[in-house]
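Chemist: Got a structure for you, written out below as structure tokens; questions coming shortly.
The values are calculated or read from the model by the stated rules, or taken from the named source; none is laboratory data. Keep in mind that this is a model prediction, so the values were computed, not measured. Cβ placement follows ideal geometry from the backbone for every residue including glycine, while neighbour counts extend to all protein chains displayed.
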Amino acid sequence: MTDFAPDIDRLKQLDDAEWLSVQRAYCGRLFAFARRRLTDRQASEDVLQETWLGAVRGIGDFDPRYTFEQYLFGICRNRTIDALRRRKPRTLERGGEEEDLPGIEVLATDSETPSRILRREELGARAKELLVAVLKDWVEETWTAGEFQRLMVFEALIGGGWRNRDAWKHFGLRDETTVAGIKFRALKRLRELAAVRESGGDLLTALERSSEGEEHALDLDLRPLWREGRVSCPSRHWLARLVAGNLPAEPAAYVRFHLDTMKCPWCRANHDDLLEAERNDALDPLVERVHKSTVLYLRSRTLP
Ligand SMILES: [Zn+2]
């Protein structure tokens, strides 16, 4: 089961059949994303409708640096935040404890962090892009080598902002030095990966600084980059294998860690959707309703 790759040009031409295909492919995970946060079915369905209208309206400006799924989740997240804001304005402003409420504080703070990173460290947009690319290279290399524990430890430190001590305890490693060693080697490898890329220079300086200090001393707050860049997200194919129970133990442990401990919102939405699809195929009427409203919009744009 590979993930669906839409024809963006046909979507831009507002091709009805292509929009129906992407709705079939993506409705479930978007609905699961909204549902986990809004809990109420009708409100989640409204968000889904608004997400698709937003997607159709915005497709002309689709940025090919992102995947189509990232594009949809971005819109869906904003619509979900709007829906939650309408519902309980005070809770949202309070911020703070990430896991108190079903996901909304995470959403709210995530969308604010880029400006915060900019204040902490003047890393340009280009450098951020490079950093995400280099982190992805590292993850791929580590995954291919079957070094899943290394991957988990580094994700916990970088993507989760854990302290060495917490990682040491959580993973039952020999001592904190083991954690420091994993981090040290990973940062060294990241510098090598950055060096072979064009204009990896400013990145090198930033990474240089971040590996000088001791415990938890990254100058850069890489958490939002890790999460928003979907640096370590397993493809939907791996999530499907996990659901089907035919993923080998080691990658399965990693995927569970990413879902349950790192609580990746995008992968959780995919995973919820896949579990739901296992249970029944009640999605069809939902896709139909969503598509109807999109079709009205498409017609209004394409008919003379
Ligand atoms: Zn993920």
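Chemist: Within the range 261-278, is there a residue that is away from the ligand (no atom under 16 Å from the Cβ), charged (D, E, K, R), in a helix (DSSP H, G or I) and without any contact (Cβ under 8 Å) to a residue 60 or more places away in the chain?
Modeler: yes
Chemist: Related question: Would a scan of the range 121-132 turn up a residue that is surrounded by fewer than 18 Cβ atoms within 10 Å (Cβ to Cβ) and at pLDDT below 50?
Modeler: yes
Chemist: For residues in the range 212-232 being part of a loop (DSSP other than H, G, I, E, B) and within 16 Å of the ligand (Cβ to nearest atom), which is modelled with the lowest pLDDT?
Modeler: In this case the residue turns out to be 222.
Chemist: Tell me, please, whether a residue that is assigned to a helix (DSSP H, G or I), farther than 21 Å from residue 137 by Cβ and in contact with a Cys (Cβ under 9 Å, 6 or more places away or on another chain) can be found in the range 242-250.
Modeler: For the range 242-250, residues assigned to a helix (DSSP H, G or I), farther than 21 Å from residue 137 by Cβ and in contact with a Cys (Cβ under 9 Å, 6 or more places away or on another chain): absent.
Chemist: Identify all residues within the range 52-86 that are over 17 Å from the mean Cα position of the chain (by Cα), within 21 Å of residue 16 (Cα to Cα) and either surrounded by 21 or more Cβ atoms within 10 Å (Cβ to Cβ) or not aliphatic (A, V, I, L, M) (or both); write none if there are none.
Modeler: 52, 54, 55, 57, 58, 60, 61, 62
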